[in-house]
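Derivation of every value follows stated rules applied to the coordinates shown; laboratory data play no part. Since the model is a prediction, treat every value here as computed from it, not as a measurement. Positions of Cβ are generated from backbone atoms using ideal geometry, with glycine treated the same way; all protein chains shown enter the neighbour counts.
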Amino acid sequence: MIYVQDISKYNELEYIVADAFLKIGAIDGFIHSAGIELTMPLISMNHNYYEKLFAINVISGFELARIVSKRKFINPAGASFVFIASVMSDFGQAGKIGYCSSKGALVAGARAMSLELISKKIRVNCISPAVISTEMSKKLLDTLSSEAQNEIIRMHPTGIGQSLDIANGCVFLLSDAAKWVTGTNLIIDGGYTAR
């Protein structure tokens, strides 16, 4: 089942969740992996850029969590929510003030959410990848010189990650193998933060 939806149209999200519930039954997990990136120096940033970053990277996921966690939708036996953050939530980078702060807010909010939702048997965690080979990262890399691209690759001792690397972490956090894991930020970064 696939829905095509602008998830920053928050007032439409409950209709989608309700429809999914009618088709599949009680929801026992979801992954918020929507994200946008913006590289721009502080002097060029304005509130519109921050609002767009936070709308997709943070608020849309929190709104989905609020809706899905309603008793009428959630599996009473338990559930797991996973938010895809970024190592940039802990490591700043020039030109990425909006992106870094949105991912930091995502991690902090998910940690608080884990404490609030545990009474409903809902576990809440984040995964923080470094650079993953996606359309978004390819577009960014294409704007850089080959020297800058090679430097980014060197920052990842095991190489640039693949989507499957993150998917495997999601499978773990959604599964009963992670039944004692909540409020954490699982770093899957190819050694980026070990440097």
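Close amide H contacts of residue 187 (hydrogens built in the peptide plane, cut-off under 5 Å, sequence separation of 5 or more or a different chain): 128. Using a Gaussian network model of the chain in which every pair of alpha carbons under 10 angstrom is joined by a spring, one finds that among 62, 30, 91 the greatest mean-square fluctuation is at 91.
Taken over the stretch 89-195, the percentage of Cα pairs per 5 Å bin, counting from 0 up to the bin with the maximum distance, is 2, 11, 17, 22, 20, 13, 8, 5, 2, 1, 0.
Pairs from the list 23/138; 23/139; 9/96; 9/120; 9/72; 96/120 with a Cα-Cα gap above 31 Å: 23/138; 23/139; 96/120.
Per residue, the convex hull spanned by the Cα atoms of the stretch 35-78 amounts to 71 cubic angstrom.
Of 49, 99, the sequence from fewest to most neighbouring Cβ atoms within 10 angstrom is 49, 99. In a shell of Cβ-Cβ distance under 13 Å around residue 32, excluding residue 32 itself, what net charge do Lys and Arg (+1) and Asp and Glu (-1) give? Summing Lys and Arg as +1 and Asp and Glu as -1 gives +1. Here the sum of -39500 (n - 2.57) over DSSP H runs of 4 or more residues, divided by the residues of the chain, equals -12500 deg cm²/dmol at 222 nm, to the nearest 500. Karplus-derived 3J(HN,Hα) values for the stretch 177-190, using 6.51 cos²θ - 1.76 cosθ + 1.60 with θ = phi - 60°, are 4, 10, 4, 10, 10, 8, x, 10, 10, 7, 8, 10, 9, x Hz; glycine and proline are entered as x. Under 5 Å between amide hydrogens, built in the peptide plane, is the criterion, and for residue 123 it picks out 79, 80, 81 among residues at least 5 positions away or on other chains.
Placing unit charges on C-beta atoms (Lys and Arg positive, Asp and Glu negative, everything else neutral), compute the dipole magnitude of the chain about its Cα centre in debye, rounded to 20.
Numbers: 18 positive and 17 negative charges, 118 e Å.
Rounded to the nearest 20 debye, it is 560 debye.
Here's how it looks for residue 27: its modeled amide H is under 5 Å from those of 74, 75, which are all 5 or more places away or on a different chain. P(r) tail for the chain: Cα pairs beyond 27 Å make up 31% of the total. Each of 14, 151 was scored by other Cβ atoms within 10 Å of its Cβ. Listed from fewest to most, they are 151, 14. Across the stretch 20-29, rounded Karplus estimates of 3J(HN,Hα) from the backbone phi angles (6.51 cos²θ - 1.76 cosθ + 1.60, θ = phi - 60°) give 4, 4, 4, 8, 10, x, 4, 8, 10, x Hz, Gly and Pro being marked x.
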